[in-house]
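Structure, as structure tokens:
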Amino acid sequence: MKKYGLELMLGCLLLVSFLILSKQAAEVSETMSSTENSKIILVDAGHGGADPGMIGVNGLEEKGINLQIAVKLKDSLEKQGFSVIMTREEDKGLYEEDSRNQKAQDMQCRIAMIKKYRPVLCISVHQNSYQDSSVCGPQVFYYEDSVRGKNLAEFIQEELNLGLKVKRPRVAKGNKTYYLLKRSESVLNIVECGFLTNPEEAGLLCKEEYQNKIVEAIVKGIEQYLKQQKI
Ligand SMILES: [Zn+2]
């Protein structure tokens, strides 16, 4: 019995030291960013081509709204002096037509672009959907173990809540399962701008004026994040 207790204690000790070491390793890799291009931002318009993304009210497709917002975001960031890499600029996915698994190839290509350009950060533009049509509001996702990802997401979320005058503001959310968040070598946020299943919000998301407000909020969030990184 005594022996078992000792083994259990040793096991716990090992587990704790493993957890501490792996956390340190994650932090080290987060600060090793000298290869990043501080002036390059990657903007990813979610879905495209055969993949429409979420379908909202009146058959509204996510891919088109994602692209409209992504293009506006590109223009706005370029005005701020950034070089912007777009994963797509037309209604096309990042896959070969004869690919056996277009979705997998599409996601791998997006990740490969991040690896190639080493942007200081990436914004992946998406729209949400839910079975309850009353659910609405923007939400930003980050990779759960990324301190910098969380910082960026919190700044953008705050600006979206303010800029879009969200009645019931959400908080940025950590996630460990989304492919882009898991695989990206640069800080990446998925910005779900709103719910296509909420008739009122879906209407707004199609309007240029509302899209401009979204873009303005994302740019403000990015600027605050980068300012904080420099301190
Ligand atoms: Zn999406």
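The values are calculated or read from the model by the stated rules, or taken from the named source; none is laboratory data. Since we're looking at a predicted model, the values are computed, not measured. Cβ coordinates were reconstructed from backbone atoms using ideal geometry, including for glycine residues, and neighbour counts include every protein chain displayed. The accessibility values were calculated without ligands, DNA or RNA, using every heavy atom of the protein model including side chains. Shrake-Rupley method; radii C 1.70, N 1.55, O 1.52, S 1.80 Å.
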Index of the failed condition, Gly56 passing every other in (1) touching a helix residue (DSSP H, G or I) at 6+ places or on another chain (Cβ under 6 Å); (2) among the small types (Gly, Ala, Ser); (3) under 15 Å from Ile41 (Cβ atoms): (3)
Contacts under 8 angstrom Cβ, first residue in segment 53-73 being closer than 18 Å to Asn198 by Cα, partner within 12 Å of the ligand (Cβ to nearest atom) and in a helix (DSSP H, G or I), 6 or more apart: Gly53/Glu62; Gly53/Lys63; Gly53/Asn66; Met54/Glu62; Ile55/Glu62; Gly56/Glu62
Qualifying position, being in the same structural domain as Gln68 (by TED's automatic domain parsing), of a type outside the set (S, T, N, Q), open to solvent by less than 30 Å² (accessible area, probe 1.4 Å) and away from the ligand (no atom under 15 Å from the Cβ), among Ala172, Ala104, Ala112: Ala172
Residue pairs meeting the criteria (Cβ under 7 Å; at least 6 apart or on separate chains; first more than 11 Å from Gly64 (Cα to Cα), in segment 83-95; second basic (Lys, Arg)): Ser83/Lys39; Val84/Lys74; Met86/Lys74; Thr87/Arg110; Leu94/Arg88; Leu94/Arg110
Filtered residue count, segment 45-99, keeping only those that are more than 15 Å from the ligand (Cβ to nearest atom), in a loop (DSSP other than H, G, I, E, B) and hydroxyl-bearing (Ser, Thr, Tyr): 2
Condition broken by Lys230, with the remaining ones in (1) at pLDDT 95 or above; (2) within 18 Å of Leu77 (Cβ to Cβ) satisfied: (1)
